[in-house]
1. Looking at (1) open to solvent by less than 10 Å² (accessible area, probe 1.4 Å); (2) polar (S, T, N, Q); (3) not in a loop (DSSP other than H, G, I, E, B), find the lone condition where Thr290 falls short.
2. When you look at Ala346, is it open to solvent by less than 10 Å² (accessible area, probe 1.4 Å), in a helix (DSSP H, G or I) and within 10 Å of the ligand (Cβ to nearest atom), yes or no?
3. Can you tell me which residues in region 162-187 are among the hydrophobic types (A, V, I, L, M, F, W, C) and within 14 Å of the ligand (Cβ to nearest atom)?
4. What are the pairs with Cβ atoms under 9 angstrom where one residue, in region 212-226, is in a loop (DSSP other than H, G, I, E, B) and the other, located anywhere, is open to solvent by 70 Å² or more (accessible area, probe 1.4 Å) and among the hydrophobic types (A, V, I, L, M, F, W, C)? Sequence gap at least six, or different chains.
5. Taking the residues in region 11-34 that are near the ligand (Cβ under 7 Å from one of its atoms) and outside any helix (DSSP H, G or I) as candidates, determine which candidate is nearest to Pro151 (Cα to Cα).
6. Just the residues that are touching a helix residue (DSSP H, G or I) at 6+ places or on another chain (Cβ under 6 Å) and open to solvent by 10 Å² or more (accessible area, probe 1.4 Å), please, taken from region 46-55.
7. Does Arg226 fit the bill of being within 9 Å of the ligand (Cβ to nearest atom) and closer than 30 Å to Pro266 by Cα?
8. Which condition does Val167 not pass, out of (1) of a type in the set (Val, Ile, Thr); (2) open to solvent by less than 30 Å² (accessible area, probe 1.4 Å); (3) touching a Ser or Thr at 6+ places or on another chain (Cβ under 9 Å), if it passes all the others?
Amino acid sequence: MRSAEAVVIGAGVIGASVAYHLAARGCGPVLVLERDLAPGQGSTRRATGGFRAQFGSQINVRLSLLSREKLVRFEEELGVDPGYRRCGYLFLASDEAQLDALRGARRVQRASGLEDTREVGLEEVVDINPAVRAEGLIGGVFGPTDGFLRPMEVLRGYVEGAQRLGVQFEYGVECAGFELGGRGRIAAVRTPDGDVAAGSVVNAAGPWAASLARHAGLEVPVEPLRRQVAVTEPFDELPEDMPMTVFLKDGFHLRVRDGRVLLLLPDEPDAADPFDQSVEDAWVRSVAGTARERVPCLEEASIDRAKCWAGLYEMSPDGHALLGRVEEIDNLYLANGSSGHGVMHAPALGQLLAEIMLDGAASTLDAHDLRPSRFAEGEANLAPRLL
Ligand SMILES: Cc1cc2nc3c(=O)[nH]c(=O)nc-3n(C[C@H](O)[C@H](O)[C@H](O)COP(=O)(O)OP(=O)(O)OC[C@H]3O[C@@H](n4cnc5c(N)ncnc54)[C@H](O)[C@@H]3O)c2cc1C
């Protein structure tokens, strides 16, 4: 039987980051199992590439600040430009309640070490993003060091970095079950290619984390949530460095990537299959209408229907990652549930999980708020909607 000190299941950006950080810390042999034929074909390649530290909970702000530090050094450490660009995130409020939520989040951010966000009045909103129609808005908050990254480049950096350190990646191999040994431990990971004896196992299966955990008889509260992206034809009236612009009212947000505008508007999918990743025409019409109302120059932009896509967020009940050992199984660790922020937090989550696995606890920052047992303990994290 093959064996590895750590078996990571899932070669998305989070599994790759965990594998890299375990190897960089000198963990024994690490094996990554991925059922697709290449890394990042799950959620990672569908991410739009936003990076922000403007969150409404201390732990999410701190994860972003740690990730940001690591993104700044990424190329030096891993030889790949992760595409981190400080174009900013502009959050817009259309009433006092939304502005209050933004102000509350700013207090949390300052207490967590993020100093550079500022409240902006309407005049400054229009200075920062002249394309936005000011009517219906009362102000907002701007974070200049938020911005963008390239999800597949972050992934590539970690996969190649891990491989250089000896990590094995096996593609087209699905983890189909676990052999449970005595004393609440996984003895081996079952695959169609045979069992792999595992010192420890990491569930980094993204939106599929709950299905994977069920093979070990465990309920993990991570659910898929479809997010659709509408893409315009090439359009040069909005600059590439336009900040990510987010309307707090309904979560509508837009950015420019590679000369096209990406439009997103959260909705509640009513598809029978929760893993459905189709794009609905009615949704595309609705987001295009919203976009034209709020960013008038988009009247001139047409949607390239063939380029629109959808993917799955991996939602946890409190919108925060699940990171750490599960109570029920001694050598099973979770790194999932990032709820739509997994690319930006992958650098931090990988480092912290390596510390948890190798040292017993995270030391770079206190990751207690992310422990998987928090729901059973009635200690879920709190943050305002969309923050
Ligand atoms: C439309 C959209 C926009 C987004 N925008 C952003 C953004 O701007 N910024 C940001 O930070 N995040 C964003 N996200 C979220 C981000 O994509 C995810 O949080 C992140 O990719 C999660 O990474 P992961 O490695 O956990 O999951 P994945 O990339 O899904 O990787 C999980 C892997 O596990 C594999 N797997 C599952 N089960 C098994 C099994 N049994 N055996 C073997 N392999 C298995 C899957 O095949 C998959 O490759 C967005 C998501 C979507 C859908």
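1. So Thr290 meets the others, but not (1).
2. yes
3. Correct list: Ala162, Phe169, Val173, Cys175, Ala176, Phe178, Ile186.
4. What qualifies is Ala216/Leu180; Gly217/Leu180.
5. The selected residue is Gly12.
6. Residue satisfying the conditions is Ala47 alone.
7. Against the criterion (within 9 Å of the ligand (Cβ to nearest atom) and closer than 30 Å to Pro266 by Cα), Arg226 qualifies.
8. (3)
The values are calculated or read from the model by the stated rules, or taken from the named source; none is laboratory data. In this text the structure is predicted, and so the values were computed from the model without any measurement. When we count neighbours, we look across all protein chains shown, and the Cβ atoms used for this are built from the backbone with ideal geometry, even at glycine. Surface areas here come from the heavy atoms of the whole protein model, side chains and all, with no ligands, DNA or RNA. Shrake-Rupley method; radii C 1.70, N 1.55, O 1.52, S 1.80 Å.
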